[in-house]
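J.: Can you keep this structure in mind? I'll have questions shortly.
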Amino acid sequence: MQLAELINAEQIKNGIDIQSKKRALEELSQLLAQAQPQLDANDIFDSLLARERLGATGLGHGIAIPHGRIKNADKITGAFIKLNQAVDFNTVDNKPVDTLFALIVPEESTDEHLQVLALLASMFNEASFREKLNSSKTSEEINQLFTEWQPSL
């Protein structure tokens, strides 16, 4: 699966002011609901929040991948936000998060869900990718990075 299948520039916000994990999840829920209009942003938020209660989705390096399963989702969909100021997110390295890539997944997409999470973790673990992401100024530039990224062999 290619990241371009999951996200486009309309689901990306760069340089936004958010002061809390809850507010970041609300923003991501809104972006995800725009991509799948049959879904309710509140249901998406509840799903993301329920997953966070099971265990933090922060990877380290200032990055988190909140994700949740949701009834009536017709495909895996992503949304991305880059915050102006990092927020506490209970990460493995105990550092705040300013980069969030959220996913919603249809309830029955277990294998595909795990593959996408592994793909995202691989991408965000690349220092060179994180540097390019941090220097990107627009949603379109970030979307281009996601579109062009290929896993290292």
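J.: Tell me, what HN-Hα J-couplings in whole Hz come from the Karplus equation 6.51 cos²θ - 1.76 cosθ + 1.60 at θ = phi - 60° for each residue of the range 77-85, using x for Gly and Pro?
T.: Couplings: 9, x, 9, 9, 9, 10, 8, 6, 10 Hz.
J.: Shifting gears a bit: Report the percentage of all Cα-Cα pairs in the range 1-51 whose separation exceeds 13 Å, rounded to a whole percent.
T.: Distances greater than 13 Å cover 60 percent of the Cα pairs.
J.: Are there any trypsin sites (Lys or Arg not before Pro) in the range 29-78 that are in a DSSP loop and have at most 11 other Cβ atoms within 10 Å? List them by number.
T.: Sites meeting the loop and neighbour criteria: 71.
J.: By how many nm would the segment from residue 94 to residue 152 lengthen if fully extended, with 0.36 nm per residue of separation less the alpha-carbon distance?
T.: Roughly 18.2 nm would be gained on extension.
J.: Specify which labelled value, from (i) 36, 33, 26; (ii) 59, 33, 24; (iii) 52, 31, 30, agrees with Cα extents along the principal axes in Å derived from the coordinates of the model shown.
T.: Recomputing Cα extents along the principal axes in Å here gives the entry labelled (i).
J.: Now a separate question. Tell me the net charge near residue 75. Cut-off is 14 Å between Cβ atoms, residue 75 excluded, with +1 for each Lys or Arg and -1 for each Asp or Glu.
T.: Cβ neighbours under 14 Å give a net charge of -3.
J.: Would you give the gap between the C-alpha center of the range 49-79 and the C-alpha center of the range 1-30, rounded to a whole Å?
T.: What the calculation gives is 11 Å, centre to centre.
Throughout, read-outs are computed from the coordinates displayed, never taken from laboratory work. All values reported here derive from a predicted model rather than from experimental measurement. Reconstructed Cβ throughout: ideal geometry from the backbone, glycine too, with neighbour counts over all protein chains shown.
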